[in-house]
Amino acid sequence: MSADIILETRELTKEFKGFVAVSKVNLRVQRGSIHALIGPNGAGKTTCFNLLTKFLTPSSGQIVFDGVDITAETPAHIARRGVIRSFQISSVFPHLTVLENVRVALQHKLRSSFHFWRSERELDLLNGRAKELLREVDLEKYAHLTAVELSYGRKRALEIATTLAMDPKLMLLDEPTQGMGLEDVDRIRQLIKKVAADRTVLMVEHNMSVVASIADTITVLQRGATLAEGPYEQVAKNPAVIEAYMGSAQTELQGAH
């Protein structure tokens, strides 16, 4: 595997009692890029994410991360290697403060993730790094608020901060702007672009304007198989992709820029 490819799938396939949800997908994610998985509902995007993080076991095929075959590894091993999915961490505790949420995520560095009896003084050692992460996602001024007080968009920013606390080599973001208003969508779009400056991001996203503005490469799935791949301008003009996105979704795909 080329050194500039951080993640590669080879003929990745998942069947459920005769139904093929993911069919021979060959995905290559370039190190330091934002790579988007898109496709109509039922295309296999979430199943693909579940295979990559080992919440599902492939029926056949390989997953190679950073040059190592991780096909048979457990979700915990995958996470330790630096493949972190945004929901994996149970990231937002509603009645802890924003700072405390990030501090909990940082506890893995003390090898004390489940040692909730650790002294307040010891946990305070993590405050400096927690504040750095909050600064990175523009939440530093909300550090003292409980998470339940945050707007929906800022809760998603907090989830990204807790994901960053796990030192990801590859961040998997599943529908990061789902259910947001325009202002929050724009905030999260800018945030993803910012945190991806020195990281790799693989994201599933329905919002085509977000995909068009930040993704370096797009893979389009349909019925579990790869329909097209390339930069947005190329994929948006592909006749097979346009046909897959019939009606309003087609208009959105072509007009996202």
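The values are calculated or read from the model by the stated rules, or taken from the named source; none is laboratory data. These numbers were taken from a predicted model, which means no experiment stands behind them. Glycine gets a Cβ as well: all are built from the backbone with ideal geometry, and neighbour counts include every protein chain shown. The protein model used for the area step is the full one, side chains on, heavy atoms only, and it has no ligands, DNA or RNA in it. Shrake-Rupley method; radii C 1.70, N 1.55, O 1.52, S 1.80 Å.
Each part gets one Cα centre, and for region 38-61 versus region 1-23 those centres are 8 Å apart. Based only on Cα atoms, what Rg/Rh ratio does the chain have, Rh being taken as Kirkwood's radius? Radius of gyration over Kirkwood radius for the chain works out to 0.98. Would you mind checking the pairs Lys45/Lys237; Lys169/Lys237; Lys194/Lys237; Lys54/Lys194; Lys155/Lys193; Lys155/Lys194 and listing those with alpha carbons more than 25 angstrom apart? As for pairs spanning more than 25 Å Cα to Cα, those are Lys169/Lys237; Lys194/Lys237; Lys54/Lys194. Probing with 1.4 Å while keeping every protein chain in the model, the per residue accessible area of the chain equals 48 Å². Counting only DSSP H runs of at least 4 residues, each contributing -39500 (n - 2.57), and dividing by the residue count of the chain, the helix-based mean residue ellipticity at 222 nm comes to -10000 deg cm²/dmol.
For Lys24, a cut-off of 19 angstrom between C-alpha atoms picks up these aspartates and glutamates, skipping any fewer than 8 places away in its own chain: Glu8, Glu11, Glu15, Asp69, Glu229. Rounded to the nearest 20, the size of the Cβ-charge dipole of the chain about its Cα centre is 500 debye, with Lys and Arg at +1 and Asp and Glu at -1. For the chain, the carbon plus sulfur part of the accessible surface works out to 52%, probe radius 1.4 Å. Can you give the Rg to Rh ratio of region 127-257, both from alpha-carbon atoms, with Rh computed by the Kirkwood formula? Ratio of gyration radius to Kirkwood radius: 1.02. Sorting the segments 158-169, 4-15 by their mean number of nearby beta carbons within 10 angstrom, highest to lowest, gives 158-169, 4-15.
Between the amide H of Met203 and those of His35, Ala36, Leu37, Leu173, distances stay under 5 Å, these residues lying 5 or more places away or on another chain, with hydrogens modeled in the peptide plane. For region 38-99, chymotrypsin sites (Phe, Trp or Tyr not before Pro) meeting the loop criterion (DSSP other than H, G, I, E, B) and having at most 12 other Cβ atoms within 10 Å: none.
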